[in-house]
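As C-alpha cells, the structure follows; a few thoughts come after it.
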There are 2 protein chains.
Amino acid sequence: MHRFSRYCRESGKTIGFVPTMGALHEGHISLVNESTKANDITVVSIFINPAQFSEDEDFERYPRDYGGDIRKLRGLPRLPVDALFMPSVSDIYPDGYKTYVEVRGLSERLCGGFRPGHFTGVATVVLKLFNAVMPVRAYFGLKDYQQCVVIKKMVRDLNLDMEIVTCPTLRDHDGLAKSSRNIYLSAEQRPEAALIYRAMAEAREAVKDGTLKIEDIAPRLQETLLKSEAVTEIQYASAYDPRTLKETTEGKRFLIAVAVKIGTTRLIDNLMVEL
Amino acid sequence: MHRFSRYCRESGKTIGFVPTMGALHEGHISLVNESTKANDITVVSIFINPAQFSEDEDFERYPRDYGGDIRKLRGLPRLPVDALFMPSVSDIYPDGYKTYVEVRGLSERLCGGFRPGHFTGVATVVLKLFNAVMPVRAYFGLKDYQQCVVIKKMVRDLNLDMEIVTCPTLRDHDGLAKSSRNIYLSAEQRPEAALIYRAMAEAREAVKDGTLKIEDIAPRLQETLLKSEAVTEIQYASAYDPRTLKETTEGKRFLIAVAVKIGTTRLIDNLMVEL
C-alpha cells in the first residue's frame with residue numbers, strides 16, 4: 001500500500017480514501033462517488049476492525065461479503081476505484097502490537113458510554129489506514145456522526161496533512177438509515193426500525209414549528225420509540241451539542257441522536273437541526 | 001511546515017528530521033550531521049514539550065537558549081540545516097486539545113515507572129512533529145534508549161512510511177553522556193556524575209571477562225554508585241532485555257541502564273553489552 005500511494009503522490013496525483021468494514025451499501029457507494037469527483041485516485045479499504053468491538057459485540061457475525069463487495073466496486077460506472085486495500089487482522093495487529101490513539105472527552109460520550117474502548121479502536125485503525133494510504137481526503141458518512149467528530153478532531157490534533165469530508169446519510173424509502181447491520185433485522189422488525197427516523201423527524205418538526213421545547217425532545221423521543229414493542233432498549237435519545245456531543249437544551253444548531261436496540265440489533269441514527 | 005514539507009516531497013527531495021528540546025549540544029549536532037549525509041533536506045525542531053513533564057518536574061526551568069541554538073545551527077559548516085521548526089506550546093496544544101498516543105507495555109518500564117505519562121507525552125508530540133514535517137528519516141540519540149524503543153514501536157505499529165535512525169551517545173572526556181540537563185550540575189557534582197558511566201563500563205567489562213554474572217550486575221551497580229555521596233537516589237540500575245525493556249539475568253545481548261539523581265538532577269545513561 002505504501003508503495004502504491006508513494007508512487008501516486010510522487011506523480012502529483014491526489015488520493016481520496018473511503019475506509020469501510022465491507023458489506024457495502026449505497027451509503028458507501030455515495031462516498032466513493034464523492035471521492036472520484038474530487039481526486040485523481042480513489043482507494044477503498046475493507047477491514048473489519050476487531051479493536052472497535054467489545055467482547056460481547058457482533059465482531060464474529062458482522063456481515064462479510066468480500067466477493068459481493070468486489071463485484072459492487074468493479075460494477076461501478078467507469079471503474080472509479082483504483083485500489084482496494086484489504087489487510088488481514090494480523091497485517092493490522094501483528095503479534096506484540098501496542099500502540100493506541102485516544103481522543104479523550106469526545107470518545108466517552110453517546111455510543112462511547114455503551115461501547116467502552118470503541119472509539120480508541122476506531123481512531124487507532126483509522127490513523128493506521130491513513131498512514132498506509134496517505135490520502136489527501138478521506139470520506140465518512142454522517143450516520144456515524146460521533147465517529148466523524150472523533151476522526152476530525154484526531155486529524156486536526158495530530159497535524160495530519162489531509163481533509164475529512166463528511167457526507168449525508170442515505171436512507172431507505174421509509175427513512176431507515178442505510179447500514180450494514182440492517183440485514184440483522186427480521187422481516188417483522190424491518191418496518192418497525194423506520195420508527196427511529198420518524199421519531200427524530202417528528203421531534204425536529206415540532207421544535208421548528210415551536211410546539212416542542214429543546215429540553216422536551218428527550219421525553220418526546222422516549223415516548224414515541226416506546227410505542228413499538230420491537231424497541232427493546234433505548235441507549236440514548238436526546239438533543240446534543242454537535243461539537244462537544246454533550247446533551248443540550250439550547251442553541252440554534254443541535255443534533256438529535258438516537259441509539260436503540262430492535263430485538264438484539266443495535267441501530268444508531270441522527271439528524272442535524274438548524275432553527 | 002506542511003507547505004514547506006509538501007513542496008520538498010513533491011520536488012522529489014528526501015527530508016531528514018532531528019526533533020529536539022533545544023539547549024543543543026554535540027549529541028544533537030551529530031544527529032544533524034547524520035541527517036545531512038543521508039537526506040536532501042534537513043529539518044531541526046526545537047520544542048520543549050510540556051506533555052512529557054510531570055507537575056513536579058523541571059519543565060519551567062528546563063534550559064532554554066533559542067538564540068544560542070540558532071547561532072549553533074547557523075554556524076555549522078556548509079549550513080546543512082534547511083529549516084528550523086519552532087512551534088509554540090499553543091501551536092502544538094491549542095485550547096481543547098484531546099488526542100494522545102499510547103505505546104502500552106514499553107512505556108511503563110524503566111523511566112516510565114518514575115515519570116508517569118512521560119512516554120505518552122513523548123509519543124504524542126513526536127507523532128505530531130512527524131506529521132508536520134513528513135520526514136523520510138528521523139534521528140534520535142541512544143542516550144534516551146527507551147525513547148528510541150518506544151518511538152520505533154510507534155512508527156511500526158502506526159504504519160508510518162518512514163525510518164527511525166538511532167545514533168550513538170556522545171560523551172565527555174570522563175564518560176559522562178552529553179545531555180542538556182548536565183548544566184544543572186554544580187562544579188562539585190560534575191566530576192562525580194562521571195561515576196554513572198564508570199559504574200556501567202566496569203560492570204560490562206566484568207561480565208565480558210567472566211568475573212561477574214549478569215544477575216549480579218544490579219547489586220554491583222548499586223554498590224559502585226552508592227560510593228559517591230553525590231548520588232542521592234538510584235531509580236533503576238540493572239541489566240535489561242533491549243527489546244522488551246524487562247529486567248533480565250541472561251542473554252548474549254542486553255542493555256545496562258541507569259537512572260540516578262545527582263543532588264536534584266536526574267540523569268540517565270545506558271550501555272549495550274554483546275557477549
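Summary of computed values
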| item | result |
| --- | --- |
| Chain A residue with Cβ closest to the axis mapping A onto B, distance in whole Å | A:VAL101, 3 |
| Rg/Rg_globular for region A:65-122, with Rg_globular taken as 2.2 N^0.38 Å and Rg from C-alpha atoms | 1.64 |
| Region A:2-167: proportion of alpha-carbon pairs further apart than 27 angstrom, % | 21 percent |
| Gaussian network model of chain A, Cα within-10 Å springs - most flexible of A:LYS72, A:LYS252, A:LYS13 | A:LYS252 |
| Mean-position separation - Cα centroids, region A:196-247 and region A:37-101, in angstrom | 33 Å |
| Dipole moment magnitude, nearest 20 debye, chain A about Cα centre, only Lys, Arg, Asp, Glu C-beta charged | 840 debye |
| Most positive-pole-ward Cα, B:ALA123, B:PRO87, B:GLY75, against dipole of region B:1-134 from beta carbon charges | B:GLY75 |
| Furthest towards positive pole of dipole, A:THR169, A:GLY141, B:MET1, structure part the protein assembly as shown, Cβ charges | B:MET1 |
| Qualifying GluC sites (Glu not before Pro) in region A:197-263, DSSP loop, other Cβ atoms within 10 Å at most 12 | A:GLU229, A:GLU250 |
| Approximate spin-label separation A:LEU275-B:ILE234, in nm, with each point projected 7 Å along Cα-to-Cβ | 6.8 nm |
| Semi-axis lengths (Å, descending) of the ellipsoid that matches the C-alpha gyration tensor of region A:180-274 | 24, 13, 11 |
| Rg over Rh, two decimals, the protein assembly as shown (C-alpha only, Kirkwood Rh) | 1.04 |
| Label geometry 7 Å along the beta-carbon vector: A:GLN222 inter-copy distances in nm | 6.2 |
| Environment charge of B:SER107, counting only residues whose C-beta is closer than 11 Å and scoring Lys/Arg +1, Asp/Glu -1 | +3 |
| Student exercise, the protein assembly as shown dipole from Lys, Arg, Asp, Glu Cβ charges, in Debye to nearest 20 | 1540 debye |
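Rule-based calculations on the coordinates, nothing more; no lab input. Being a predicted model, the structure only gives us computed values, none of them experimental. In this analysis, Cβ positions are derived from the backbone assuming ideal geometry, glycine residues included, and neighbour counts consider all displayed protein chains.
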